[in-house]
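For reference, the structure is listed below as structure tokens.
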Amino acid sequence: MLIGADYSQMELRAAAEISGDVALRKIYADGLDLHQLTAAAMASVAPAAVTKEQRNRAKPVNFGSIYGMGGAGLAAAAWNGYRVEMTLREAEAALRAFFRNYPTLKRWMYQHADRCQQRRRIVIGAGRVLENAWEPKGIRYTQCCNLPVQGACADVMMRAVAGVHRRLCTDGHDAIMVAMIHDELILETGNQGSDAVATLLAEEMTTAFAATFPDAPIGGLVDVKIGTSWSSLK
């Protein structure tokens, strides 16, 4: 059996914690779905009425916003990453609407980018840095927004890998870690004991996130599935 677990909207949760945006943090504290909320606002419908297609259309807006994209960048990323068509005007309007709801995040992005430009370095996650001198054209605004979030999420995944490996060894489970794909860990085990391994996986991934963001809401953080193939975990 394969046991797969991935983090739900980890980068968006990380951006909420790093920026201290109260409204964004509250969404996760209340157990809500940011993609669904953004989709509802974009389509002018109630959150409960959001379709899968509408939710998918909101994903590049949410991720593009926290990574500091402009309208042109968002329109390109929406098509390249999600096959969602957006005009430049639509992309710019979506970004403005997003930041009307989360102004603290936007303020942090500008202030943090300004500090990075002045200090000529970006501090990433658990002590890593990107020096201005290493970049041919200097550090960019999008890097100042993106790298702290992505770096912290990388820390979460490395802590999760270490924690899961340690538990598998100490608890004596007949299971091994076979893959890490972005924010997903996949274990392989026999039929018996798969439920216990799934519980272990969820616990260690939650612990890793909480160690990185001690005050963050953790409800609905990890989604675990069991199946006989990777596709069956989706």
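The values are calculated or read from the model by the stated rules, or taken from the named source; none is laboratory data. A quick note: this is a predicted structure, and the numbers were derived from the prediction, not measured. Cβ atoms come from the backbone with ideal geometry, glycine included; neighbour counts cover every protein chain shown. Keep in mind that these areas ignore ligands, DNA and RNA; they rest on the heavy atoms of the full protein, side chains included. Shrake-Rupley method; radii C 1.70, N 1.55, O 1.52, S 1.80 Å.
Phi-derived couplings, Karplus 6.51 cos²θ - 1.76 cosθ + 1.60 at θ = phi - 60°, listed residue by residue for the range 27-34: 4, 7, 5, 8, x, 8, 10, 4 Hz, with x used for Gly and Pro.
Placing unit charges on the Cβ atoms of the charged side chains and taking the dipole of the chain about its Cα centre, the candidate lying farthest along the positive direction among Val50, Asn132, Leu12 is Asn132. When DSSP beta bridges are restricted to pairs lying wholly in the range 91-211, around 100% turn out antiparallel. Pairing the Cα long axis of helix 88-101 with the longest principal axis of the chain, what angle in degrees results, from 0 to 90 and rounded to the nearest 10? Around 70 degrees separate the two axes. The 3J(HN,Hα) values that the Karplus relation (6.51, -1.76, 1.60; θ = phi - 60°) gives for the range 6-12 are, in residue order, 10, 7, 8, 6, 4, 5, 5 Hz. Gly and Pro appear as x. Element breakdown for the chain at a 1.4 angstrom probe: carbon and sulfur atoms account for 53% of the accessible area.
Close amide H partners of Tyr102, meaning residues 5 or more places away or on another chain with modelled amide H under 5 Å apart, do not exist here. Dipole of the range 167-234 computed with +1 at Lys/Arg Cβ and -1 at Asp/Glu Cβ about the Cα centre; of Leu187, Pro214, Gly172, farthest Cα towards the positive end is Leu187.
Database remark: amide H of Val129 closer than 5 angstrom to the amide H of Ile124 (H placed geometrically; neighbours at sequence offset of 5 or more, or on other chains; Pro and chain starts carry no H).
Of the peptides 129-135, 34-40, 95-101, 196-202, the order by per-residue mean of other Cβ atoms within 10 Å, starting with the highest, comes out as 34-40, 196-202, 95-101, 129-135.
Whole-Hz Karplus values for the range 49-54 come out as 8, 5, 8, 4, 5, 5 Hz, taken residue by residue from phi with 6.51 cos²θ - 1.76 cosθ + 1.60 and θ = phi - 60°; glycine and proline positions read x. Residues whose amide H comes within less than 5 Å of that of Ile139, counting only those at least five positions distant or on another chain, are absent (H built at 1.01 Å from N in the peptide plane). At a probe radius of 1.4 angstrom, the accessible area of the chain per residue rounds to 51 square angstrom.
From the coordinates of this entry, Cα extents along the principal axes in Å is computed, and it appears in [x] 102, 33, 24; [y] 54, 46, 31; [z] 56, 50, 39 under the label [y]. Note on Lys225: aspartates and glutamates with a C-alpha under 20 Å away, same-chain residues under 8 apart excluded, are Asp6, Asp33, Asp174, Asp183, Glu184, Glu188, Asp195, Glu203, Glu204.
What whole number of Å gives the distance from the Cα centroid of the range 94-152 to the Cα centroid of the range 1-68? Between the Cα centres of the range 1-68 and the range 94-152 lies a distance of 20 Å.
For the set Lys59/Lys137; Lys106/Lys137; Lys26/Lys234; Lys26/Lys59, the pairs lying more than 22 angstrom apart at their alpha carbons are Lys59/Lys137; Lys106/Lys137; Lys26/Lys234.
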